[in-house]
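Here is the structure we will look at, set down as structure tokens.
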Amino acid sequence: MTRLRQTRRRFLTIAAAALALPGAAKAAPLAHWRGWALGAGATITLAGVTGIKARPIFAAMESELERLERIFSLYRPDSALARLNREGKLPAPPAELLEVLSISDAIHRASGGVFDPTVQPLWQALATGGDIAAARALVGWQNLRFDAEIADFLRPGMALTLNGIAQGYVTDRIAALLKAQGFDNILVDMGEIAGLGQKPDGKFWRAGIATPDGKIVHRIQLRDRALATSAPLGTVLDRAGTQGHIFDPKGRLPRNTLVSVSAPRAVIADGLSTAMCMLSGKAADNTIRAFDKAAIEVLT
């Protein structure tokens with residue numbers, strides 16, 4: 001399970017890389033941080049500050065990451081999400097969890113139901129050779145209830161995965177924390193990328209969109225904008241290599257092999273890039289139009 005999780009995030013990091021550092025100006029300082037977020041590698045670049053002066057800022061950021069892990073981690077037994085999955089209910093859910101569930105609900109509705117975080121039992125069954133039919137019967141967003149008092153499942157055995165949207169939310173929260181500290185020129189990569197402001201040379205941040213094998217197919221400039229990339233076969237759940245980690249909750253095959261979405265918020269780009277793997281044509285256009293200033297960058 002851990003191996004699959006890390007493989008997926010490595011693909012997302014590759015898909016969002018190509019940050020155009022070779023051409024960056026050398027005069028202005030840059031501070032870099034590398035670490036872990038939600039189980040995989042993450043990076044942050046701050047323009048206009050040295051590494052030494054950035055240390056207390058990065059320490060505060062690490063504390064915030066730890067706090068968010070205790071909410072969204074699927075693998076930490078003490079996280080809010082893990083407790084909800086284990087116990088079937090979570091009294092007084094954290095405000096951050098409620099926000100992500102509300103955004104998930106909006107994307108679920110806009111996508112015609114193909115974005116459904118209650119697929120976790122089916123994901124587990126596909127990954128471990130479990131009972132597929134029994135697991136699919138547990139999938140159903142309409143059977144999750146949440147408000148400020150409680151989040152709970154209406155059917156025993158249900159579970160959530162927020163891997164298709166939480167990385168984007170964490171990206172937004174970290175970018176907001178750094179901006180509140182007075183930094184306007186920031187590049188955050190927590191599995192999804194957010195570029196705020198600009199590089200020291202006055203140019204926009206840049207990112208490359210790549211296939212799972214690392215071939216860059218498109219480049220995009222980011223200024224106060226986020227980018228998320230998904231590919232169903234970026235991680236496979238079976239030995240034959242045919243069952244991808246992103247799938248339609250009703251069992252239909254994904255429509256697309258590579259999807260990249262940009263938006264003002266990484267949480268929106270993340271959720272939409274996941275949903276778009278199952279949508280094409282008019283359905284994809286209608287879904288993206290439901291979210292202000294969101295755009296499909298790659299859909300193949």
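Computed from the coordinates by the stated procedures, all read-outs in this text should not be read as laboratory data. Note that this is a predicted model, so its numbers are computed, not measured. A quick note on method: Cβ atoms are made from the backbone with ideal geometry, for glycine too, and the neighbour counts reach across all protein chains shown.
Counting Lys and Arg as +1 and Asp and Glu as -1, each charge on the Cβ, what is the dipole of the chain about the Cα centre in debye, to the nearest 20?
Dipole magnitude for the chain comes out near 680 debye.
Given [x] 62, 45, 35; [y] 60, 40, 36; [z] 56, 54, 37, which label gives Cα extents along the principal axes in Å as computed from the coordinates?
Correct label is [y].
Counting other beta carbons within 10 Å of each Cβ, put Tyr75, Tyr169 in order, fewest first.
Numbers: Tyr75 13, Tyr169 28.
Fewest-to-most Cβ neighbours within 10 Å comes out as Tyr75, Tyr169.
Could you sort out which of Lys215/Lys250; Lys89/Lys250; Lys250/Lys282; Lys53/Lys199 sit more than 27 Å apart by Cα distance in this structure?
Lys215/Lys250
Let me have the 222 nm mean residue ellipticity of the chain computed from DSSP H runs of 4+ only, each contributing -39500 (n - 2.57), with the sum over all residues rounded to the nearest 500.
Computed ellipticity for the chain at 222 nm equals -11500 deg cm²/dmol.
Ranked from highest to lowest mean number of other Cβ atoms within 10 Å per residue, what is the order of the peptides 81-90, 147-156, 223-232?
In decreasing order of mean packing, 81-90, 147-156, 223-232 become 223-232, 81-90, 147-156.
Between Ala92 and Asp131, what length comes free when the chain is fully extended (0.36 nm per residue of separation minus the Cα-Cα distance, one decimal in nm)?
That pair, Ala92 and Asp131, stretches by 10.8 nm at full extension.
At what distance in nm do the modelled label points of Asp105 and Ile216 sit from each other, each positioned 7 Å from its Cα along Cα→Cβ?
Each label point lies 7 Å from its Cα, and together they span 4.1 nm.
In the chain, what percentage of the DSSP-assigned beta bridges are antiparallel, given to the nearest 5?
Of those bridges, close to 100 percent are antiparallel.
Of Trp205, Trp36, Trp123, Trp141, how do they rank once you tally other Cβ atoms within 10 Å and put the fewest first?
By the 10 Å Cβ count, ascending, the order reads Trp36, Trp141, Trp123, Trp205.
Sort Met158, Met61 so the one with the fewest other Cβ atoms within 10 Å of its own Cβ comes first. List each step's numbers first, then the result.
Working: Met158 19, Met61 23.
Arranged by neighbour count, lowest to highest, Met158, Met61 become Met158, Met61.
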